[in-house]
1. Quick check on my filter: what residues within region B:184-211 are more than 18 Å from B:Ala164 (Cα to Cα) and among the polar types (S, T, N, Q)?
2. Pull up region B:388-409, narrow it to residues that are open to solvent by less than 70 Å² (accessible area, probe 1.4 Å) and more than 7 Å from every other protein chain (Cβ to nearest Cβ), then point me to the one that is farthest from B:Pro441 (Cα to Cα).
3. Of all residues being in contact with a helix residue (DSSP H, G or I) (Cβ under 7 Å, 6 or more places away or on another chain) and part of a helix (DSSP H, G or I) in region B:435-444, which is nearest to the other protein chains (Cβ to nearest Cβ)? Just the residue, please.
4. Take the residues in region A:81-98 that are in contact (Cβ under 8 Å) with a residue 12 or more places away in the chain, assigned to a helix (DSSP H, G or I) and not basic (Lys, Arg); name whichever of them is farthest from the other protein chains (Cβ to nearest Cβ).
5. Only residues in region B:469-483 that are more than 14 Å from every other protein chain (Cβ to nearest Cβ) count as the first member; pair them with residues that are not in a loop (DSSP other than H, G, I, E, B), Cβ under 6 angstrom, at least 6 apart or cross-chain, and list the lot.
6. Output the residues belonging to region B:472-512 that are assigned to a strand (DSSP E or B) and either open to solvent by less than 40 Å² (accessible area, probe 1.4 Å) or within 23 Å of B:Phe549 (Cα to Cα) (or both).
7. Quick check on my filter: what residues within region A:13-43 are touching a Gly at 6+ places or on another chain (Cβ under 7 Å), under 21 Å from A:Cys101 (Cα atoms) and surrounded by 14 or more Cβ atoms within 10 Å (Cβ to Cβ)?
8. Report yes if B:Ala135 is assigned to a helix (DSSP H, G or I), small (Gly, Ala, Ser) and in contact with a Lys or Arg (Cβ under 6 Å, 6 or more places away or on another chain), otherwise no.
Amino acid sequence: MFAEGLETMLGGEPDFEVCGLARNAADTLKQVPEVEPNVLLLDINLPDKSGLDVCKQLRAEQPDVKILALSMHNDESYISAMLNLGAQGYVLKNTGRTELCAAIRALAEGRTYFSQEVTDTMMQSLMRERKGGTAKEPPKISRREREVLKLIMDECTTQEIAAQLFLSEKTVESHRAALLAKLGARNTAGLVKAALHWKILED
Amino acid sequence: MLIWAQPGFEDRLSFEQIQTLLADGISNRDPGKQALGWYKWAIYREQETLNRDSAFQYLARSVDLFLLAGDTTAYHRARAELAIRLPERGMAEDAIEMQQEALDYFRRTQNRRLETLVLAQMAQVYQLQGDTARASALKKAFRDKGLMLQDTFLLITVFLDDVARLQNERNYRDAISLAFRVLELARQSKRHEYGTLAEYQIGYLNKLARDNYMALRFFKRAEASISAAYDPLRRDIYRQLSAVYTELDSLRPALYYATRHIELGDTLLSRDRIATSHRLAAQYGEKERSRQLDELKARQEELELSKRQQRDFFYAILLFFGAIILALFFMVRDYRHRLATNRVIAEQNEKINQQTIRQLEANFRIESMQSMLEGQELERKRIATDLHDSLGGLLAATKIRLENLSGKVPELSRNEEFSKVKDLLNDTIAETRQISRNLQPGSLHQFGLMKAVRDLIVRVRGDGVPTIDFQHFGEFEGIDHTVALNCYRIVQELLQNSIKHAKATEILVQLTRTENELALLVEDNGLGYDPDTVTKGMGTDNLSQRVQFIRGDISIQSAKGQGTSTMVTVPLDSRPPAPGTQVQALSPTS
């Protein structure tokens with residue numbers, strides 16, 4: 001029903017031609033090589049297979065077709081997954097006529113397009129995040145970890161730390177493991193070294 | 001007479017209250033409580049599902065249990081109620097005989113109230129048989145006696161009956177004033193649940209009388225006064241509110257209440273299903289546990305016996321060989337030594353047995369919790385998929401069509417009403433997406449725990465206030481789905497606590513995966529609380545259940561004004577508890 005509505009909508013645009021309409025992934029994969037569209041509007045949520053898989057397969061087999069992802073999901077994980085799989089645009093299903101047409105034209109001209117809400121979501125996800133491993137700035141240390149780290153630097157044993165902070169030894173061990181992971185250290189010595197290097201306990 | 005003094009028998013009990021009553025009765029092996037529970041359950045289910053067959057079976061069980069409990073008054077009352085469901089089974093004569101017995105018993109014991117109530121029940125049986133003359137005579141007798149006795153419950157029953165009659169005759173004015181009397185009576189006797197019923201009734205009658213403003217007022221009052229969270233009446237109130245708002249052309253609140261109505265409908269059904277599976281799991285667990293307990297007890301007794309026999313044997317030998325004690329000194333010492341060893345072994349066995357009992361109890365708790373949580377997730381997933389796929393698809397299609405329409409008819413896009421409809425539709429689409437996402441994190445299954453948590457945080461950030469830092473260390477793929485889902489819910493709950501309750505402005509969320517452990521940390525700079533005083537709250541209770549379920553540990557540090565730091569660690573080497581066969585059959589995990 002949604003696809004038919006789209007067909008009517010896009011059929012009204014003078015510079016567009018709706019050259020195919022598929023209801024599921026299998027149909028899409030069959031039709032695309034036959035009609036070779038400039039732009040494919042691809043729903044992520046297909047009845048038989050994920051749109052993600054369709055995107056991946058088409059990218060490999062039909063590299064010239066521009067893919068505009070249409071989705072109900074305004075989630076960063078879906079957006080970046082589609083981009084990584086080679087989609088050139090991503091718009092939400094409730095996008096209006098004007099914006100949708102602009103998106104299709106942009107893709108046809110070889111540009112990329114993301115609707116405003118999608119861009120906002122991407123912006124939000126870029127902020128204040130950190131992965132483990134090599135980093136140029138010190139990771140954020142939680143209050144508890146800071147206390148544990150301080151006592152480790154004071155040469156306290158796990159038992160002593162647990163007693164001082166009213167924690168179980170197991171919890172202290174978990175904090176220690178998290179500290180090792182985020183400071184990229186292998187043992188207590190490495191932990192102390194990293195703590196001094198980043199001047200973690202000084203502010 | 002005692003049972004009538006207990007609160008409950010003549011109150012409209014909520015779903016939760018009935019469940020508690022039943023669970024209490026079953027676990028304490030109290031037939032009286034169980035009987036009352038089944039009685040209430042029968043009436044409740046019948047009102048909700050209109051299924052008289054199952055009501056009949058529950059009532060029959062209730063009658064048996066009342067007899068077992070030796071409560072003759074309750075026994076006759078339940079039988080009189082059961083009798084109402086006999087004529088449709090072709091047992092009309094038995095029905096009247098049963099009710100007559102009850103009537104005689106109440107007369108003999110001079111219980112005027114129940115005698116009067118039975119008259120009303122007999123009237124129903126005659127009515128069902130088509131003997132209208134007798135039925136109305138009995139009804140009149142019931143009315144007269146009820147009014148004479150000035151008993152609140154009887155009066156409420158009489159008046160509600162009259163309200164229904166007047167409503168059928170379309171005499172709304174008198175019906176409303178009578179419903180007001182019920183409201184008054186309910187207030188005086190502090191039977192609030194009847195008060196809510198009366199308010200709903202007044203609203204409904206006003207709606208029938210086409211006075212939508214009054215109807216709205218009373219439905220609103222009923223909404224404010226209803227206390228049970230899950231109650232068919234609550235659902236009816238929402239439905240009526242939605243209808244009245246629609247009549248009044250207030251579409252926004254109408255949509256709101258329609259949504260609540262649909263939500264609650266689903267919740268009621270799923271709660272039922274969960275409760276049933278929970279109960280079955282409990283019954284099964286109970287049986288299994290008592291069997292194992294019996295076995296352990298038998299083994300302990302055997303041990304005890306052999307210990308006693310050994311001791312007797314020892315003394316006999318001691319007497320018999322008294323003269324040659326010296327010669328046998330080493331032998332005896334050796335024997336003593338063996339005895340001591342036996343005792344140590346026996347003590348150890350006992351300790352192990354007790355440990356096994358505790359372990360069994362813990363497993364049983366986890367199993368029933370598992371079936372509940374799994375049922376909940378399954379239901380959430382179903383509703384989310386329904387909302388997302390069918391409703392979401394339809395709404396998106398509607399929007400496209402609307403756009404097409406405005407393209408074809410240009411003057412429409414200048415029409416104010418038309419653009420309002422478009423705004424409303426946009427809100428509806430956004431709302432639907434929000435509800436579906438809260439119910440089931442779609443990205444969890446597709447992309448794993450870390451990305452799902454990141455989506456969650458991005459969403460919360462989009463809502464505004466707090467600054468949220470997110471850190472993750474290690475690989476999060478390949479984690480068991482149940483563990484991942486529960487971890488996601490735990491983070492969701494902790495975030496919500498930090499924002500809603502603690503009013504935090506800065507939050508740190510951290511996921512750490514080491515070789516055999518997953519650690520979740522949520523730390524905020526919010527109000528904080530004294531963990532000792534709040535641990536029993538709803539939110540934290542739910543939280544600790546989830547943590548226990550995935551065999552994790554939770555550690556909360558908080559103090560007033562100093563923020564909260566919560567860490568949950570989950571071992572990854574052991575899979576979640578293997579469910580018992582019965583439980584598995586009830587909750588498909590695929």
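1. B:Gln188, B:Ser189, listed by residue number.
2. In the first step, residues of region B:388-409 are kept if they are open to solvent by less than 70 Å² (accessible area, probe 1.4 Å); the result is B:388, B:390, B:392-393, B:395-400, B:402-404, B:406-407, B:409.
When the remaining residues are screened for being more than 7 Å from every other protein chain (Cβ to nearest Cβ), the result is B:390, B:395, B:398, B:402, B:406, B:409.
Working: B:Ser390: 17, B:Leu395: 21, B:Thr398: 25, B:Leu402: 30, B:Ser406: 35, B:Val409: 40 Å.
Per the stated criteria, the residue is B:Val409.
3. First pass over region B:435-444, keeping only residues in contact with a helix residue (DSSP H, G or I) (Cβ under 7 Å, 6 or more places away or on another chain): B:435-436, B:439-441, B:443-444.
Among the residues that remain, those that are also part of a helix (DSSP H, G or I) are: B:435-436, B:439, B:443-444.
On the way: B:Ile435: 12, B:Ser436: 8, B:Leu439: 14, B:Ser443: 4, B:Leu444: 9 Å.
Here the answer is B:Ser443.
4. Here the residue is A:Met82.
5. Filtered contacts from region B:469-483: B:Ile479/B:Leu449.
6. Residues of region B:472-512 that are assigned to a strand (DSSP E or B), as a first pass: B:472-473, B:506-512.
Of everything in region B:472-512, those that are assigned to a strand (DSSP E or B) and either open to solvent by less than 40 Å² (accessible area, probe 1.4 Å) or within 23 Å of B:Phe549 (Cα to Cα) (or both) turn out to be B:His472, B:Phe473, B:Ile507, B:Leu508, B:Val509, B:Gln510, B:Leu511, B:Thr512.
7. Start the filter on region A:13-43 by keeping residues that are touching a Gly at 6+ places or on another chain (Cβ under 7 Å), which leaves A:18, A:31, A:35, A:37, A:42-43.
Going one step further and asking which of them are under 21 Å from A:Cys101 (Cα atoms), we end up with A:18, A:35, A:37, A:42-43.
Across region A:13-43, the qualifying residues are A:Val18, A:Pro37, A:Leu42, A:Asp43.
8. Answer is no for this residue.
The values are calculated or read from the model by the stated rules, or taken from the named source; none is laboratory data. All figures in this text were calculated on a predicted structure; none of them were measured in a lab. Here Cβ is always computed from backbone atoms with ideal geometry, including for glycine, and neighbour counts include all displayed protein chains. Note: accessible area is taken over every heavy atom of the protein model, side chains too, but ligands, DNA and RNA are not part of it. Shrake-Rupley method; radii C 1.70, N 1.55, O 1.52, S 1.80 Å.
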